[in-house]
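> Here it is, the structure in full.
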Amino acid sequence: MKQEFESIPKFGFGCMRLPLLDPEDQTSIDIEQFKQMVDTFIDAGGTYFDTARVYHQGESERAVKEALVDRYPRNAYTVATKCLAWAIDSEEEAKGNLATSLEQLGLDYIDFYLLHNVGGNRTARFDEYGMWEFARQKKAEGLIKHIGFSMHDGAEALDGLLTAHPDMDFVQLQVNYLDWDDPVVEARNCMEVAARHGVPVVIMEPVRGGRLADLPERAAQILHEANPEASLASWAYRFCWHLPNVVSVLAGMSTLEQVRDNAASFKADKPFTEDEQAALDEAIAALKSVPTVPCTNCRYCVKECPQGVKIPEILSLLNLELMVEDHEFVKGLYSWQAAAGPASTCIACGACEQMCPQSIDIINQLEIAAEKYE
Ligand code: SF4
Ligand code: SF4
(Lines give C-alpha, C1' and ligand atoms only; values in the text may rest on other atoms or scores of the structure.)
(Ligands and ions follow the chains in the order given, each with its own letter.)
Protein backbone atom coordinates (compact mmCIF):
# COMPACT_ATOMS: atom_id res chain seq x y z
CA MET A 1 0.00 0.00 0.00
CA LYS A 2 1.22 3.51 -0.82
CA GLN A 3 3.04 5.15 2.09
CA GLU A 4 0.70 8.15 2.08
CA PHE A 5 -2.25 5.77 2.64
CA GLU A 6 -0.43 4.00 5.45
CA SER A 7 -0.11 7.26 7.32
CA ILE A 8 -3.90 7.78 7.35
CA PRO A 9 -5.36 6.74 10.72
CA LYS A 10 -7.83 3.88 10.22
CA PHE A 11 -10.60 5.69 12.13
CA GLY A 12 -12.70 7.43 9.42
CA PHE A 13 -15.69 9.74 9.83
CA GLY A 14 -18.72 8.89 7.68
CA CYS A 15 -20.87 12.01 7.23
CA MET A 16 -24.09 10.38 6.03
CA ARG A 17 -26.02 10.41 9.32
CA LEU A 18 -25.08 13.73 10.92
CA PRO A 19 -27.02 15.08 13.92
CA LEU A 20 -30.26 16.90 13.02
CA LEU A 21 -32.08 19.80 14.65
CA ASP A 22 -35.39 18.47 13.30
CA PRO A 23 -35.49 14.66 13.00
CA GLU A 24 -38.02 14.95 10.15
CA ASP A 25 -35.78 17.26 8.10
CA GLN A 26 -32.60 15.69 6.67
CA THR A 27 -31.24 19.13 5.74
CA SER A 28 -31.41 20.54 9.29
CA ILE A 29 -27.88 19.50 10.32
CA ASP A 30 -26.93 20.51 13.85
CA ILE A 31 -23.74 22.36 12.87
CA GLU A 32 -22.68 23.27 16.40
CA GLN A 33 -22.80 19.64 17.50
CA PHE A 34 -21.10 18.55 14.28
CA LYS A 35 -18.25 21.01 14.96
CA GLN A 36 -17.71 19.43 18.39
CA MET A 37 -17.79 15.98 16.77
CA VAL A 38 -15.16 17.07 14.25
CA ASP A 39 -12.95 18.49 17.01
CA THR A 40 -13.22 15.31 19.09
CA PHE A 41 -12.47 13.15 16.05
CA ILE A 42 -9.41 15.18 15.09
CA ASP A 43 -8.19 15.24 18.71
CA ALA A 44 -8.33 11.44 18.63
CA GLY A 45 -6.03 11.44 15.58
CA GLY A 46 -8.69 11.02 12.86
CA THR A 47 -8.20 12.72 9.48
CA TYR A 48 -10.42 10.93 6.91
CA PHE A 49 -13.89 12.40 6.24
CA ASP A 50 -16.32 10.70 3.90
CA THR A 51 -19.28 12.54 2.41
CA ALA A 52 -21.30 12.51 -0.83
CA ARG A 53 -23.35 14.87 -2.96
CA VAL A 54 -26.52 13.02 -1.98
CA TYR A 55 -26.08 12.76 1.79
CA HIS A 56 -28.56 14.92 3.69
CA GLN A 57 -30.05 16.01 0.37
CA GLY A 58 -26.87 17.86 -0.57
CA GLU A 59 -26.27 19.45 2.84
CA SER A 60 -23.61 17.04 4.14
CA GLU A 61 -20.92 18.55 1.91
CA ARG A 62 -21.86 22.08 3.01
CA ALA A 63 -21.75 20.99 6.65
CA VAL A 64 -18.27 19.49 6.13
CA LYS A 65 -17.14 22.85 4.75
CA GLU A 66 -18.49 24.74 7.73
CA ALA A 67 -17.38 22.35 10.47
CA LEU A 68 -14.07 21.18 8.97
CA VAL A 69 -12.76 22.96 5.88
CA ASP A 70 -13.34 26.48 7.20
CA ARG A 71 -11.82 25.66 10.60
CA TYR A 72 -8.79 23.45 9.96
CA PRO A 73 -5.63 23.73 7.82
CA ARG A 74 -5.77 21.70 4.58
CA ASN A 75 -3.10 19.25 5.76
CA ALA A 76 -5.13 18.27 8.84
CA TYR A 77 -7.67 16.19 6.93
CA THR A 78 -8.59 14.35 3.75
CA VAL A 79 -12.06 14.45 2.18
CA ALA A 80 -13.78 11.77 0.14
CA THR A 81 -16.89 12.52 -1.88
CA LYS A 82 -18.82 10.68 -4.53
CA CYS A 83 -20.82 10.70 -7.75
CA LEU A 84 -23.90 8.49 -8.04
CA ALA A 85 -24.09 8.47 -11.82
CA TRP A 86 -26.58 5.58 -11.90
CA ALA A 87 -29.17 7.73 -10.15
CA ILE A 88 -28.61 10.76 -12.40
CA ASP A 89 -30.54 11.33 -15.63
CA SER A 90 -27.85 12.89 -17.81
CA GLU A 91 -24.12 12.61 -18.45
CA GLU A 92 -23.74 16.35 -18.18
CA GLU A 93 -25.26 16.42 -14.71
CA ALA A 94 -23.23 13.41 -13.54
CA LYS A 95 -20.00 15.08 -14.67
CA GLY A 96 -21.13 18.39 -13.21
CA ASN A 97 -21.27 16.78 -9.78
CA LEU A 98 -17.53 17.22 -9.25
CA ALA A 99 -17.60 21.00 -9.72
CA THR A 100 -20.62 21.24 -7.40
CA SER A 101 -18.88 19.14 -4.76
CA LEU A 102 -15.72 21.26 -4.93
CA GLU A 103 -17.78 24.40 -4.53
CA GLN A 104 -19.96 23.07 -1.71
CA LEU A 105 -16.93 21.76 0.15
CA GLY A 106 -14.91 24.91 -0.49
CA LEU A 107 -11.97 22.84 -1.74
CA ASP A 108 -9.54 23.17 -4.66
CA TYR A 109 -9.23 19.41 -4.95
CA ILE A 110 -10.89 16.26 -3.60
CA ASP A 111 -8.57 13.80 -1.88
CA PHE A 112 -10.65 10.69 -2.66
CA TYR A 113 -13.28 10.79 -5.41
CA LEU A 114 -15.56 7.78 -5.78
CA LEU A 115 -17.84 6.52 -8.47
CA HIS A 116 -20.44 5.48 -5.96
CA ASN A 117 -22.31 2.21 -5.63
CA VAL A 118 -20.97 0.56 -8.76
CA GLY A 119 -22.04 -3.07 -9.24
CA GLY A 120 -25.10 -4.92 -10.50
CA ASN A 121 -26.87 -3.17 -13.35
CA ARG A 122 -25.75 0.22 -12.00
CA THR A 123 -22.27 -0.23 -13.55
CA ALA A 124 -23.62 0.26 -17.07
CA ARG A 125 -24.59 3.86 -16.34
CA PHE A 126 -21.02 4.78 -15.27
CA ASP A 127 -19.73 3.21 -18.49
CA GLU A 128 -22.36 4.91 -20.66
CA TYR A 129 -21.55 8.37 -19.23
CA GLY A 130 -17.78 7.83 -19.54
CA MET A 131 -17.34 8.48 -15.83
CA TRP A 132 -14.16 6.40 -15.50
CA GLU A 133 -12.38 8.44 -18.15
CA PHE A 134 -13.79 11.65 -16.70
CA ALA A 135 -12.38 10.82 -13.25
CA ARG A 136 -8.97 10.02 -14.77
CA GLN A 137 -8.94 13.29 -16.64
CA LYS A 138 -9.84 15.30 -13.54
CA LYS A 139 -7.13 13.53 -11.59
CA ALA A 140 -4.62 14.51 -14.29
CA GLU A 141 -5.85 18.10 -13.99
CA GLY A 142 -5.22 18.00 -10.24
CA LEU A 143 -8.85 18.31 -9.14
CA ILE A 144 -8.80 14.81 -7.69
CA LYS A 145 -5.89 13.19 -5.82
CA HIS A 146 -7.11 9.60 -5.80
CA ILE A 147 -9.85 7.95 -7.83
CA GLY A 148 -11.80 4.88 -6.80
CA PHE A 149 -15.23 3.38 -6.57
CA SER A 150 -17.54 1.94 -3.98
CA MET A 151 -19.25 -1.31 -4.77
CA HIS A 152 -22.19 -3.36 -3.57
CA ASP A 153 -21.69 -6.64 -5.42
CA GLY A 154 -19.75 -9.88 -5.10
CA ALA A 155 -16.09 -10.83 -5.58
CA GLU A 156 -16.45 -11.82 -9.23
CA ALA A 157 -17.91 -8.42 -10.10
CA LEU A 158 -15.10 -6.71 -8.19
CA ASP A 159 -12.50 -8.75 -10.05
CA GLY A 160 -14.08 -7.72 -13.36
CA LEU A 161 -14.17 -4.05 -12.41
CA LEU A 162 -10.56 -3.96 -11.20
CA THR A 163 -9.43 -5.80 -14.32
CA ALA A 164 -11.27 -3.31 -16.54
CA HIS A 165 -9.98 -0.33 -14.50
CA PRO A 166 -6.54 -1.31 -13.20
CA ASP A 167 -5.58 2.28 -12.40
CA MET A 168 -8.01 2.69 -9.51
CA ASP A 169 -6.18 4.08 -6.47
CA PHE A 170 -8.59 2.51 -3.96
CA VAL A 171 -11.92 0.77 -3.65
CA GLN A 172 -14.61 1.10 -0.97
CA LEU A 173 -16.20 -2.16 0.17
CA GLN A 174 -18.80 -3.39 2.63
CA VAL A 175 -16.80 -5.33 5.21
CA ASN A 176 -17.74 -6.45 8.71
CA TYR A 177 -17.54 -9.62 10.78
CA LEU A 178 -21.11 -10.67 9.98
CA ASP A 179 -20.65 -10.35 6.21
CA TRP A 180 -17.13 -11.82 6.25
CA ASP A 181 -18.24 -15.23 4.96
CA ASP A 182 -21.68 -14.18 3.72
CA PRO A 183 -22.33 -15.83 0.33
CA VAL A 184 -23.88 -12.71 -1.20
CA VAL A 185 -21.71 -9.90 0.24
CA GLU A 186 -18.52 -12.05 0.18
CA ALA A 187 -16.54 -9.57 2.24
CA ARG A 188 -13.55 -11.89 2.74
CA ASN A 189 -13.38 -12.81 -0.95
CA CYS A 190 -13.70 -9.16 -1.97
CA MET A 191 -10.83 -8.18 0.34
CA GLU A 192 -8.72 -10.94 -1.21
CA VAL A 193 -9.57 -9.78 -4.75
CA ALA A 194 -8.63 -6.18 -3.90
CA ALA A 195 -5.33 -7.34 -2.38
CA ARG A 196 -4.58 -9.47 -5.43
CA HIS A 197 -5.05 -6.42 -7.66
CA GLY A 198 -2.88 -4.35 -5.29
CA VAL A 199 -5.75 -1.92 -4.63
CA PRO A 200 -6.20 -0.69 -1.04
CA VAL A 201 -9.62 -0.69 0.59
CA VAL A 202 -11.75 1.85 2.43
CA ILE A 203 -14.21 -0.10 4.55
CA MET A 204 -17.85 0.91 4.73
CA GLU A 205 -20.57 -0.65 6.89
CA PRO A 206 -18.13 -1.97 9.55
CA VAL A 207 -21.04 -1.98 12.02
CA ARG A 208 -23.57 -3.15 9.40
CA GLY A 209 -25.76 -0.04 9.54
CA GLY A 210 -25.53 0.04 13.35
CA ARG A 211 -26.83 -3.53 13.82
CA LEU A 212 -23.52 -4.79 15.25
CA ALA A 213 -23.68 -2.08 17.91
CA ASP A 214 -27.05 -3.39 19.06
CA LEU A 215 -26.84 -7.16 18.85
CA PRO A 216 -29.52 -9.67 19.85
CA GLU A 217 -28.95 -10.85 23.43
CA ARG A 218 -27.64 -14.31 22.40
CA ALA A 219 -24.56 -12.67 20.84
CA ALA A 220 -24.30 -9.52 22.99
CA GLN A 221 -24.03 -11.58 26.15
CA ILE A 222 -20.97 -13.45 24.87
CA LEU A 223 -19.10 -10.24 24.02
CA HIS A 224 -20.10 -8.50 27.26
CA GLU A 225 -18.84 -11.46 29.29
CA ALA A 226 -15.57 -11.54 27.36
CA ASN A 227 -14.93 -7.84 27.96
CA PRO A 228 -17.45 -5.99 30.16
CA GLU A 229 -15.82 -2.61 29.43
CA ALA A 230 -15.89 -2.77 25.63
CA SER A 231 -18.87 -1.43 23.68
CA LEU A 232 -20.41 -3.74 21.10
CA ALA A 233 -19.45 -1.26 18.37
CA SER A 234 -15.79 -1.45 19.39
CA TRP A 235 -15.69 -5.19 18.56
CA ALA A 236 -16.89 -4.42 15.04
CA TYR A 237 -14.36 -1.61 14.49
CA ARG A 238 -11.43 -3.56 15.93
CA PHE A 239 -12.24 -6.43 13.55
CA CYS A 240 -11.83 -4.02 10.61
CA TRP A 241 -9.01 -1.83 11.93
CA HIS A 242 -6.65 -4.81 11.95
CA LEU A 243 -7.39 -6.21 8.50
CA PRO A 244 -4.52 -5.82 6.02
CA ASN A 245 -4.61 -3.46 3.01
CA VAL A 246 -7.06 -1.02 4.66
CA VAL A 247 -6.87 2.76 4.18
CA SER A 248 -9.69 3.72 6.52
CA VAL A 249 -12.76 2.28 8.27
CA LEU A 250 -15.78 4.56 8.06
CA ALA A 251 -17.79 5.14 11.21
CA GLY A 252 -21.09 6.86 10.38
CA MET A 253 -21.55 8.92 13.52
CA SER A 254 -24.66 10.85 14.57
CA THR A 255 -23.88 12.15 18.05
CA LEU A 256 -20.96 13.58 20.02
CA GLU A 257 -21.34 10.61 22.36
CA GLN A 258 -20.74 8.16 19.52
CA VAL A 259 -17.61 10.05 18.44
CA ARG A 260 -16.30 10.00 22.02
CA ASP A 261 -17.01 6.28 22.38
CA ASN A 262 -15.36 5.40 19.06
CA ALA A 263 -12.44 7.76 19.70
CA ALA A 264 -11.81 6.08 23.07
CA SER A 265 -11.91 2.65 21.39
CA PHE A 266 -9.51 3.87 18.71
CA LYS A 267 -7.06 5.32 21.21
CA ALA A 268 -7.11 2.11 23.28
CA ASP A 269 -7.11 -0.12 20.21
CA LYS A 270 -5.14 -3.37 20.16
CA PRO A 271 -5.47 -6.51 18.06
CA PHE A 272 -7.81 -9.13 19.54
CA THR A 273 -6.27 -11.47 22.10
CA GLU A 274 -6.82 -15.18 21.50
CA ASP A 275 -9.63 -15.17 24.05
CA GLU A 276 -11.27 -12.15 22.43
CA GLN A 277 -11.05 -13.71 18.97
CA ALA A 278 -12.62 -16.89 20.36
CA ALA A 279 -15.43 -14.83 21.94
CA LEU A 280 -16.09 -13.02 18.67
CA ASP A 281 -16.17 -16.32 16.77
CA GLU A 282 -18.65 -17.63 19.34
CA ALA A 283 -20.81 -14.50 19.03
CA ILE A 284 -20.85 -14.80 15.23
CA ALA A 285 -21.83 -18.46 15.53
CA ALA A 286 -24.62 -17.47 17.95
CA LEU A 287 -25.89 -14.86 15.49
CA LYS A 288 -25.92 -17.45 12.72
CA SER A 289 -27.37 -20.21 14.89
CA VAL A 290 -30.94 -19.36 13.94
CA PRO A 291 -32.37 -21.49 11.13
CA THR A 292 -31.77 -19.57 7.89
CA VAL A 293 -32.46 -20.27 4.21
CA PRO A 294 -29.44 -22.34 3.02
CA CYS A 295 -28.76 -20.29 -0.12
CA THR A 296 -25.12 -20.41 -1.25
CA ASN A 297 -25.49 -17.67 -3.90
CA CYS A 298 -24.53 -20.12 -6.65
CA ARG A 299 -26.98 -18.13 -8.85
CA TYR A 300 -28.21 -21.05 -10.99
CA CYS A 301 -31.75 -19.89 -10.24
CA VAL A 302 -31.10 -16.37 -11.53
CA LYS A 303 -30.13 -17.62 -14.97
CA GLU A 304 -33.51 -19.34 -15.36
CA CYS A 305 -35.80 -16.65 -13.98
CA PRO A 306 -37.89 -15.00 -16.73
CA GLN A 307 -38.77 -12.15 -14.36
CA GLY A 308 -35.26 -11.22 -13.26
CA VAL A 309 -36.19 -11.66 -9.59
CA LYS A 310 -33.22 -10.88 -7.31
CA ILE A 311 -33.55 -14.31 -5.68
CA PRO A 312 -30.25 -14.72 -3.77
CA GLU A 313 -30.25 -11.08 -2.67
CA ILE A 314 -33.79 -11.44 -1.32
CA LEU A 315 -33.01 -14.71 0.47
CA SER A 316 -29.93 -13.07 1.98
CA LEU A 317 -32.08 -10.24 3.35
CA LEU A 318 -34.53 -12.72 4.87
CA ASN A 319 -31.54 -14.36 6.56
CA LEU A 320 -30.17 -11.03 7.73
CA GLU A 321 -33.44 -10.24 9.50
CA LEU A 322 -33.39 -13.63 11.21
CA MET A 323 -29.84 -12.97 12.41
CA VAL A 324 -30.06 -9.35 13.55
CA GLU A 325 -33.77 -9.25 14.47
CA ASP A 326 -34.41 -5.80 13.03
CA HIS A 327 -37.29 -5.76 10.56
CA GLU A 328 -37.29 -2.05 9.73
CA PHE A 329 -33.55 -2.03 9.03
CA VAL A 330 -33.79 -4.92 6.57
CA LYS A 331 -36.94 -3.48 4.98
CA GLY A 332 -34.92 -0.32 4.27
CA LEU A 333 -32.17 -2.36 2.58
CA TYR A 334 -34.75 -4.31 0.56
CA SER A 335 -36.19 -1.09 -0.84
CA TRP A 336 -33.04 -0.55 -2.92
CA GLN A 337 -31.24 -3.89 -3.04
CA ALA A 338 -34.28 -5.71 -4.48
CA ALA A 339 -35.66 -2.80 -6.46
CA ALA A 340 -34.50 -4.21 -9.81
CA GLY A 341 -36.33 -7.52 -9.23
CA PRO A 342 -38.67 -7.50 -6.24
CA ALA A 343 -40.21 -10.70 -4.87
CA SER A 344 -43.73 -9.73 -5.91
CA THR A 345 -42.82 -9.94 -9.61
CA CYS A 346 -42.39 -13.73 -9.30
CA ILE A 347 -44.95 -15.59 -11.46
CA ALA A 348 -44.40 -18.93 -9.70
CA CYS A 349 -43.22 -20.69 -12.87
CA GLY A 350 -40.94 -22.91 -10.79
CA ALA A 351 -37.92 -22.72 -13.13
CA CYS A 352 -35.66 -21.52 -10.31
CA GLU A 353 -36.62 -24.32 -7.92
CA GLN A 354 -35.73 -26.94 -10.50
CA MET A 355 -32.22 -25.50 -10.72
CA CYS A 356 -31.56 -25.00 -7.01
CA PRO A 357 -29.01 -27.51 -5.66
CA GLN A 358 -30.13 -26.67 -2.13
CA SER A 359 -33.78 -27.56 -2.88
CA ILE A 360 -34.92 -24.25 -1.46
CA ASP A 361 -38.67 -23.52 -1.56
CA ILE A 362 -37.89 -20.30 -3.43
CA ILE A 363 -41.46 -19.42 -4.42
CA ASN A 364 -42.61 -19.70 -0.82
CA GLN A 365 -39.67 -17.64 0.44
CA LEU A 366 -40.39 -14.94 -2.12
CA GLU A 367 -44.00 -14.80 -0.94
CA ILE A 368 -42.75 -14.31 2.61
CA ALA A 369 -40.38 -11.55 1.46
CA ALA A 370 -43.07 -9.75 -0.56
CA GLU A 371 -45.38 -9.86 2.44
CA LYS A 372 -42.70 -8.55 4.81
CA TYR A 373 -40.98 -5.88 2.75
CA GLU A 374 -43.31 -4.62 -0.01
S1 SF4 B 1 -40.71 -19.05 -9.81
FE2 SF4 B 1 -40.54 -16.86 -9.70
S3 SF4 B 1 -38.46 -16.49 -9.08
FE4 SF4 B 1 -38.56 -18.57 -9.77
S5 SF4 B 1 -37.96 -18.48 -11.92
FE6 SF4 B 1 -40.19 -18.33 -11.88
S7 SF4 B 1 -40.60 -16.14 -11.80
FE8 SF4 B 1 -38.45 -16.40 -11.28
S1 SF4 C 1 -29.96 -21.78 -6.97
FE2 SF4 C 1 -30.59 -21.96 -4.82
S3 SF4 C 1 -28.69 -21.87 -3.63
FE4 SF4 C 1 -28.22 -21.13 -5.71
S5 SF4 C 1 -28.48 -18.91 -5.54
FE6 SF4 C 1 -30.44 -19.73 -6.22
S7 SF4 C 1 -31.61 -20.06 -4.35
FE8 SF4 C 1 -29.48 -19.79 -3.75
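> Given the Cα-Cα distance of Arg136 and Glu91 and 0.36 nm per residue of separation, how much length would full extension add, in nm?
14.6 nm
> Once the dipole of the stretch 1-96 is set up with Lys and Arg at +1 and Asp and Glu at -1 on Cβ about the Cα centre, which of Phe41, Ala80, Gln3 lies farthest towards its positive end?
Positive-most Cα among the choices belongs to Gln3.
> Would you tell me the accessible area of Arg125, worked out with a 1.4 angstrom probe on the heavy atoms of the protein chains, in Å² to the nearest 10?
70
> Cα centroid distance between the stretch 153-212 and the stretch 71-90, in Å?
Rounded to whole Å, the Cα centres lie 20 Å apart.
> With +1 on each Lys and Arg Cβ and -1 on each Asp and Glu Cβ, how big is the dipole of the chain about its Cα centre, in debye rounded to the nearest 20?
780
> Counting only heavy atoms of protein chains, what accessible area per residue, in Å², does the stretch 300-373 have with a probe of 1.4 Å?
48
> Let me ask something else. How far apart, in nm, are two points set 7 Å out from the Cα along the Cα-to-Cβ line at Thr296 and at Ala195?
Going from the Thr296 label point to the Ala195 one covers 2.4 nm.
> For Lys65, go through the lysines and keep the ones whose alpha-carbon is under 24 Å away, minus same-chain ones fewer than eight residues off.
The reachable lysines, counting only those whose Cα sits under 24 Å from Lys65, are Lys10, Lys35, Lys82, Lys95, Lys138, Lys139, Lys145.
> Take the Cα atoms of the stretch 300-373, find their three principal axes, and give me the spread along each one in whole Å, biggest first.
32, 23, 17
> OK, next. Step through the residues of the stretch 15-21 one at a time and calculate ³J(HN,Hα) from phi using the Karplus curve (6.51 cos²θ - 1.76 cosθ + 1.60, θ = phi - 60°), rounding each to whole Hz and writing x for Gly and Pro.
Listing the rounded values in order: 9, 9, 9, 6, x, 10, 7 Hz.
> Quick one: accessible area per residue over the stretch 1-150, 1.4 Å probe, rounded to a whole number of Å²?
Counting only protein heavy atoms, the per-residue value for the stretch 1-150 is 42 Å².
> Taking θ = phi - 60°, what integer Hz values does the Karplus form 6.51 cos²θ - 1.76 cosθ + 1.60 yield along the stretch 249-265, in sequence order, with x for Gly and Pro?
Those phi angles translate into 10, 7, 9, x, 10, 10, 9, 4, 4, 5, 5, 4, 4, 5, 5, 5, 5 Hz.
> With every atom except the alpha carbons ignored, what do you get for Rg and Dmax of the stretch 197-255, in angstroms?
12.9, 40
> How much space per residue, in cubic angstrom, does the convex hull of the C-alpha atoms of the chain take up?
Dividing the Cα hull volume of the chain by its residues yields 142 Å³.
> Ranked from the most accessible area to the least, with a 1.4 Å probe and all protein chains present, what is the order of Glu59, Glu304, Glu367?
Largest accessible area first, the list is Glu367, Glu304, Glu59.
> How far apart, in nm, are two points set 7 Å out from the Cα along the Cα-to-Cβ line at Gln57 and at Glu225?
The two pseudo-label positions are separated by 4.8 nm.
> Let me ask something additional. Efficiency by 1/(1 + (r/R0)^6): what FRET value for Met355 and Thr255, r their Cβ-Cβ distance, R0 = 51 Å, to the nearest 0.05?
E between Met355 and Thr255, to the nearest 0.05, is 0.60.
> Let me ask something else about it. Carbon-plus-sulfur fraction of the accessible area of the chain, 1.4 Å probe, in percent? Intermediate results must be reported in sequence, preceding the final value.
Values: 7760 of 16130 Å².
Ligands and nucleic acids excluded, carbon and sulfur reach 48 percent.
> Give the long-range amide H neighbours of Leu20: residues separated by 5 or more places, or on another chain, with amide H under 5 Å away, using H modelled in the peptide plane at 1.01 Å from N.
Asp30
The values are calculated or read from the model by the stated rules, or taken from the named source; none is laboratory data. Since this is a predicted model, take the numbers as computed values, not measurements. Glycine also receives a Cβ, built like all others from the backbone with ideal geometry; neighbour counts cover every protein chain displayed. These area figures cover heavy atoms from the full protein model, side chains too; ligands, DNA and RNA do not enter into them. Shrake-Rupley method; radii C 1.70, N 1.55, O 1.52, S 1.80 Å.
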